[in-house]
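Reading through the structure tokens given below for one structure.
The values are calculated or read from the model by the stated rules, or taken from the named source; none is laboratory data. The model shown is predicted, which means the values in this text are computed figures rather than measured ones. Cβ coordinates were reconstructed from backbone atoms using ideal geometry, including for glycine residues, and neighbour counts include every protein chain displayed. The protein model used for the area step is the full one, side chains on, heavy atoms only, and it has no ligands, DNA or RNA in it. Shrake-Rupley method; radii C 1.70, N 1.55, O 1.52, S 1.80 Å.
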Amino acid sequence: MTDHRYHINVFWAADDACWIADVPDLRPCSAHGDSPEQAVANLRNAIEGWREASEATGQPIPEARYSPAIYARH
């Protein structure tokens, strides 16, 4: 897997009864799992697939820019 520096959100989705992990900079790139760790592991595979598909179609791959509001610079 290629190293990346994208922010990953992990949250419980009650409607789906599973953990969701997503990358705000790579819309729509997300994965789910029975635990937060499994969701992140699945997301790492999804990130690779997202990047490979973008490269294959000549689409740009965004730089990691997202930062949660709690860490926003003033």
Mean projected area (nm²) from the convex hull of Cα positions in the chain is 5.8 nm²
Over the chain, the sum of -39500 (n - 2.57) across DSSP H runs of at least four, divided by residue number and rounded to 500 deg cm²/dmol, gives at 222 nm -10000 deg cm²/dmol
Leaving out ligands and nucleic acids, note down the accessible area per residue over the chain with a 1.4 angstrom probe, in whole Å².
71 Å²
Carbon and sulfur: what percent of the chain's accessible surface (1.4 Å probe)?
49 percent
Which is farthest toward the positive dipole end of segment 6-74 among Ala39, Ala13, Tyr66, measuring Cα position about the Cα centre, with Cβ charges +1 (Lys, Arg) and -1 (Asp, Glu)?
Tyr66
